[in-house]
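Let me begin by presenting the structure, written as C-alpha cells, before commenting on it.
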Amino acid sequence: MKRSIQSGAMLSYQHSYHAGNHADLLKHIILGDVVAGMFNKEKPMFMLDAFASRGIYALDSEQALKNREFESGIGKLWELRNHASPQGVARWFKLIAAENPEGGFNRFPGSTALLHHMAREGDRLTACDLHPQEFDKLRGSFQANRRFSLLKRDAFEALKALLPPKEKRGLIFLDPSYEVKEEYRSIAKAVIEAHRRFATGVYVIWYPLLPAQRHLDLFRALKSSGMRKILRIELDCGDCFPEMQMYGSGMLIVNPPWHAEKPMQDSLDWICEHLTAGRGTKQYGWLVPE
Ligand SMILES: C[S@@+](CC[C@H](N)C(=O)[O-])C[C@H]1O[C@@H](n2cnc3c(N)ncnc32)[C@H](O)[C@@H]1O
C-alpha cells in the first residue's frame, strides 16, 4: 500500500516546473557545503542521491517557463556571481557557469550534477529516480561507470539495500516531492531505519515550508526516535514570493560535519540577505543536539 502511495506521488511530480527556484538555491548550496565539509577527511565516501530527478534542467523548457519559478531564484541572484560571496555560494555559481560555457544559466544543475561534479576520484555516487521520463533524462545526461551508478529504483528500497556502504563513510541526500502528506512520516521512518544500520552516515533531508506545516510531522518523528545531532537550517522567505504556495524551505542534517558548520551559516546568511532583501527569516540550530 505504502509503495503505491509513493509511486502515485512520483508519477505526478516533475521537478522541471520548479528548477532554479528559491528552494533549489538553499538545497544545492547547503548540500555542497555538507559534502565539502566531509572532504576534510581524505577517506573515500559513498554518496546516495535517493530522489535524483533528471540531474540537469533546461530553464527554457515548457515546464520551467510555465510558472517561471527560476526568475525569483537563480534569476535574481545570477548578477551577483562575480561579487564576493561565501565559499558554498561561489562553488555553486562556478558549477552553473561550467554547465553553461556559452554564458547564462539555462542548463541548471540539479543535485546529481552537483554531487557528480564534487565527487573525488575514490568516491562512489549512486543516483536513483523511479519516474521513467526523469530517469531517461538522467541516463542521457551522465555516463555511468564503476563509481557512478544510475538506478531506476525506489528510493526507500535503495536505502535498505545500499546502506551501510563498504566505505563506512556516506552522505545520503533525501529530496522527495512530498506529493502526499504521508511522505513526511515515510521519510522519517526510512531515515530512522537507515540510521540503525548506518549510524555514522550523514543524512541530508530537504523539506518545504507550506501553509499546512506538514514538516512538523517529520520533526516530531525524528525527535521521538532517540536520534541525536540533527541540525535544522531553514529559510522563511516571508511575503517575498506571494505567487508561490511554498514560502520557504529547510534542511535537516543528521551528523553534520563539523567543518561545514561555519560555511553553512555563511551561505544561509548570504541567501537570506540577497534573496529576500532582509524580509525573510532564517533558522540555524539543533533540532536535536548531540
Ligand atoms: C524534488 S525532485 C528531486 C530534485 C533533485 N534532487 C534536484 O535537486 O535536482 C523529487 C524526485 O523524486 C522522484 N521520486 C519520487 N518518489 C520516488 C521514489 N519512491 N523513489 C525514487 N524516486 C522518487 C521524482 O520522480 C522526482 O524526480
Ignoring solvent entirely, what values of log10 I(q)/I(0) come out of the Debye formula for segment 2-288 at 0.07, 0.09, 0.12, 0.16 Å⁻¹ when each Cα is a single scatterer? -0.22, -0.38, -0.70, -1.41
Residues whose built amide H sits under 5 Å from the amide H of Ser249, excluding neighbours closer than 5 in sequence, are Leu209, Leu235, Cys237
Rounded to the nearest 500, what is the 222 nm mean residue ellipticity of the chain from helices alone, with -39500 (n - 2.57) per DSSP H run of 4+ residues and division by all residues? -12000 deg cm²/dmol
Check cross-link reach from Lys166 to the aspartates and glutamates: straight Cα distance under 20 Å, and skip same-chain residues fewer than eight apart. Glu42, Asp49, Glu121, Asp123, Glu157, Glu193
So, with a 1.4 angstrom probe, what is the percent of accessible area on the chain that is carbon and sulfur? 49
What list of ³J(HN,Hα) couplings, whole Hz, do you get for segment 48-62 from phi and the Karplus terms 6.51, -1.76, 1.60, once you set θ to phi - 60° and write x for glycine and proline? 10, 9, 6, 10, 7, 6, 9, x, 9, 10, 8, 7, 9, 6, 4
Among Arg228, Arg169, Arg54, which one moves the most in a GNM of the chain with springs linking Cα atoms closer than 10 Å? Arg228
Return the sequence-ordered ³J(HN,Hα) values of segment 102-107 in whole Hz as given by the Karplus equation 6.51 cos²θ - 1.76 cosθ + 1.60 applied to θ = phi - 60°, using x for Gly and Pro. 7, x, x, 9, 4, 8
With a 1.4 Å probe and every protein chain left in place, work out the accessible area per residue of the chain in Å², rounded to a whole number. 44
Where Tyr13, Tyr203 fall by accessible area, highest first, once all protein chains stay in place (1.4 Å): Tyr13, Tyr203
Relative contact order in percent for the chain (Cα pairs under 8 Å, 6+ apart) equals 23
Mind scanning Lys27/Lys181; Lys168/Lys229; Lys223/Lys262 and naming the pairs with a C-alpha gap bigger than 22 Å? Lys223/Lys262
Computed ³J(HN,Hα) along segment 123-134: with the Karplus parameters 6.51/-1.76/1.60, θ = phi - 60°, integer Hz and x for glycine or proline, the list is 6, 10, 10, 10, 10, 10, 8, 9, 6, x, 5, 4
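For a Förster distance of 25 Å, can you work out the FRET efficiency between the beta-carbons of Glu167 and Gln265, rounded to the nearest 0.05?
It comes to 0.35.
In what sequence, largest accessible area first, do His28, His117 appear using a 1.4 Å probe?
On the way: His28 5, His117 105 Å².
Descending accessible area places them as His117, His28.
The values are calculated or read from the model by the stated rules, or taken from the named source; none is laboratory data. Since this is a predicted model, take the numbers as computed values, not measurements. Don't worry about glycine lacking a Cβ; one is built from the backbone with ideal geometry, like all the others, and counts go over all protein chains shown. Accessible surface is based on the protein model in full, side chains and every heavy atom, while ligands, DNA and RNA are left aside. Shrake-Rupley method; radii C 1.70, N 1.55, O 1.52, S 1.80 Å.
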